[in-house]
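The structure appears right after this line, and notes come after that.
The values are calculated or read from the model by the stated rules, or taken from the named source; none is laboratory data. Owing to the predicted nature of the structure, the values given are computational and were not obtained by experimental measurement. Neighbour counts are summed over all protein chains in view; Cβ atoms, including those assigned to glycine, are modelled from backbone coordinates with ideal geometry.
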Amino acid sequence: MTRTNEAREARTASATGATTPASDAQHVYPHTMRLQRFLARAGVASRRGSEDLMTAGRVTVNGQVATELGTKVDVDRDHIEVDGMPVKLDQGAVYLMLYKPTGYLTTMSDPQERPCVADLVPRDRFPGLFPVGRLDRDTTGLLLFTTDGDLSQDLLHPSKHVYKTYQALVDGHLTDRDLEPLRRGIELDDGLCQPAICRVITAREAEAVAPQGVKPGTTAVEVIIREGRKNQVKRMLSKIHHPVIRLHRCNFAGLELKDVAKGSWRELTDREVQILKAGGIPPKQASSKRDDPNATAVNPATRTRHHGSHGSAPKRNTYRERYTD
């Protein structure tokens, strides 16, 4: 069937109200489209991210660098590459997690040529990868990467309140009672923080920030927040006079940093991607469903807000009982 006949039949179907079966429609694309739209639909990056790739000279069409944002491509005939890697529609977006080590900037390039997280992920295999949010240069832990711009924007938008869990080794002896200001919502120079879920943790739990054990004069704590302000956890703990010595993120939106070595990465499982697209899992559900391969993502509309414990609780109570629901 020629494209002319296909277009004629499509117009006829539209006029008569007929619909194309979903199995066929998902592979029907306009004959030509703007290059940045093609890249976005192929899962390389968001529309804006695709434009950045083009202006950086990283995209070629039939062997020619394409920097003009108005460039149109023939979906069926043109050969498009990003960083030398062929790009086709229906290849899908990419999702992976990196165990970020200390000393790396969360950026895909640095004018001063300092170590960047871009050096640790497979950009040649998955062109258009970018980090979801950021971790400080001296902070370690879970950093998500994707080519799905819409999902990244959803996870980072303040209205989504995605949970992030950090472990911190702080200076000084800190007690559970000292964390009350964080649970109530502490005031920083850029406004009031939402109440955090926090607790003092043992040396065994704090191996990521205290591999040699928690030494005298220091304390290990866990802090769970739903915001993403710059240096927020560090500033919160400094506000109660316990500056952070080391900081590690072990959980993002219910995904745990596991099965990946420091400085390495792995692709997310289908279930993990499902969890992210559902808006993540609050701390209690993340704990209870951690090892259940048949568990499904939680509807974010059904979440409850966790404000932490107010006042002392009997020692027999578990962390889950004290800090959730």
**Message:** Please count how many residues of the stretch 209-251 are among the small types (Gly, Ala, Ser) and farther than 30 Å from SER159 by Cβ.
**Reply:** 4
**Request:** Under 6 Å between Cβ atoms, at least 6 apart or on separate chains: pull out the pairs that start in the stretch 70-93 with a residue that is part of a loop (DSSP other than H, G, I, E, B) and end on any residue that is acidic (Asp, Glu) and at pLDDT 85 or above.
**Result:** ALA93/ASP148
**Message:** Out of PRO127, PRO181, PRO195, I need the residue that is of a type outside the set (D, E, K, R), closer than 20 Å to HIS241 by Cβ, touching a residue at least 24 places away in the same chain (Cβ under 8 Å) and not in a helix (DSSP H, G or I). Which one?
**Reply:** PRO195
**Boolean, GLU205 is surrounded by fewer than 22 Cβ atoms within 10 Å (Cβ to Cβ) and part of a helix (DSSP H, G or I)** = no
**Complete:** Within the stretch 94-108, the residues that are assigned to a strand (DSSP E or B) and among the hydrophobic types (A, V, I, L, M, F, W, C) are LEU96, MET97, LEU98, LEU105
**Complete:** Scanning the stretch 57-72 residue by residue, the ones that are under 19 Å from LEU129 (Cα atoms) and loosely packed, with under 12 Cβ neighbours inside 10 Å total 1
**Selection count, the stretch 78-104, where residues are of a type in the set (Asp, Glu) and either under 16 Å from VAL260 (Cβ atoms) or at pLDDT 90 or above (or both)** = 2
**Residue satisfying all of: in the stretch 208-259; among the small types (Gly, Ala, Ser) and part of a loop (DSSP other than H, G, I, E, B); farthest from LYS277 (Cα to Cα) among these** = GLY217
**Request:** Only residues that are under 18 Å from PRO131 (Cβ atoms) and of a type in the set (D, E, K, R): list them for the stretch 257-276, please.
**Result:** LYS262, ARG266, GLU267, GLU272
**Where PRO111 falls short, out of the listed (1) in a strand (DSSP E or B); (2) without any contact (Cβ under 8 Å) to a residue 12 or more places away in the chain** = (1)
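A quick yes/no check of all residues on (1) among the aromatic types (Phe, Trp, Tyr); (2) surrounded by 13 or more Cβ atoms within 10 Å (Cβ to Cβ); (3) modelled with pLDDT of 95 or more:
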{"position": "GLY149", "(1), (2), (3)": "no, yes, no"}
{"position": "SER152", "(1), (2), (3)": "no, yes, no"}
{"position": "LEU155", "(1), (2), (3)": "no, yes, no"}
{"position": "PRO158", "(1), (2), (3)": "no, no, no"}
{"position": "HIS161", "(1), (2), (3)": "no, yes, no"}
{"position": "GLN167", "(1), (2), (3)": "no, yes, yes"}
{"position": "GLU180", "(1), (2), (3)": "no, yes, yes"}
{"position": "ARG184", "(1), (2), (3)": "no, yes, yes"}
